[in-house]
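First the structure, in the form of structure tokens, and then the observations on it.
The values are calculated or read from the model by the stated rules, or taken from the named source; none is laboratory data. All values reported here derive from a predicted model rather than from experimental measurement. Methodologically, a virtual Cβ is constructed for each residue, glycine included, from the backbone with ideal geometry; neighbour enumeration extends over all protein chains shown. Side chains included, ligands, DNA and RNA excluded: accessible areas come from the protein's heavy atoms. Shrake-Rupley method; radii C 1.70, N 1.55, O 1.52, S 1.80 Å.
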Amino acid sequence: MTLDKAPTYRVIEVDINAFSPSGLASGNGSATFAASDSYAADLQTMQKPSRAAPARATTTDIPGLGTAAFSATQVFNRNGTISYKATVFARTTMSS
């Protein structure tokens with residue numbers, strides 16, 4: 001069988017994290033501060049990855065999605081095959 005055009009693959013992954021209060025978190029160590037710290041670290045990692053990271057991301061703020069949100073788009077070129085990875089990070093503060 002011969003393919004004239006390479007197939008297109010789409011994969012979706014969803015990760016949901018709930019944060020607990022932590023003495024390592026900034027501010028008063030609350031779960032809200034722990035979530036804010038994690039969000040800021042994720043943004044920093046996408047914008048300025050380590051040398052070992054696969055690709056730097058282009059990030060864009062997403063207003064109106066949760067308390068804070070951004071999208072990150074990475075482009076990978078592996079042996080002439082171009083792949084795109086789009087990630088959305090959203091943080092919301094839940095009240096009990």
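Which residue, of SER50, SER96, SER20, is modelled with pLDDT of 90 or more and part of a loop (DSSP other than H, G, I, E, B)? Walk me through it before giving the result.
Working: SER50 fails: modelled with pLDDT of 90 or more; SER96 fails: modelled with pLDDT of 90 or more.
On inspection, the qualifying residue turns out to be SER20.
Restricting attention to the stretch 27-41, which residues are part of a loop (DSSP other than H, G, I, E, B) and open to solvent by 60 Å² or more (accessible area, probe 1.4 Å)? Don't jump to the end; show me each part of the working.
Keep residues of the stretch 27-41 that are part of a loop (DSSP other than H, G, I, E, B), which gives 27-30.
Of everything in the stretch 27-41, those that are part of a loop (DSSP other than H, G, I, E, B) and open to solvent by 60 Å² or more (accessible area, probe 1.4 Å) turn out to be GLY27, ASN28.
Checking VAL14 against (1) open to solvent by 100 Å² or more (accessible area, probe 1.4 Å); (2) under 16 Å from THR93 (Cα atoms); (3) of a type in the set (A, V, I, L, M), which single condition isn't satisfied?
All conditions pass for VAL14, except number (2).
From the set of residues in the stretch 42-59 that are within 21 Å of ARG91 (Cα to Cα), free of Cβ contacts under 8 Å to residues at least 12 places away in the same chain and polar (S, T, N, Q), which is surrounded by the most Cβ atoms within 10 Å (Cβ to Cβ)?
Initial filter on the stretch 42-59 (within 21 Å of ARG91 (Cα to Cα)): 42-49, 57-59.
Filter once more, keeping what is free of Cβ contacts under 8 Å to residues at least 12 places away in the same chain: 44-45, 48-49.
Subset that is polar (S, T, N, Q): 44-45.
Details: GLN44: 11, THR45: 13.
If we take residues in the stretch 42-59 being within 21 Å of ARG91 (Cα to Cα), free of Cβ contacts under 8 Å to residues at least 12 places away in the same chain and polar (S, T, N, Q), then THR45 is surrounded by the most Cβ atoms within 10 Å (Cβ to Cβ).
Quick one: in the stretch 60-96, of everything that is farther than 30 Å from PRO21 by Cα and of a type in the set (Lys, Arg), which residue is surrounded by the most Cβ atoms within 10 Å (Cβ to Cβ)?
Residue satisfying both the conditions and the ranking: LYS85.
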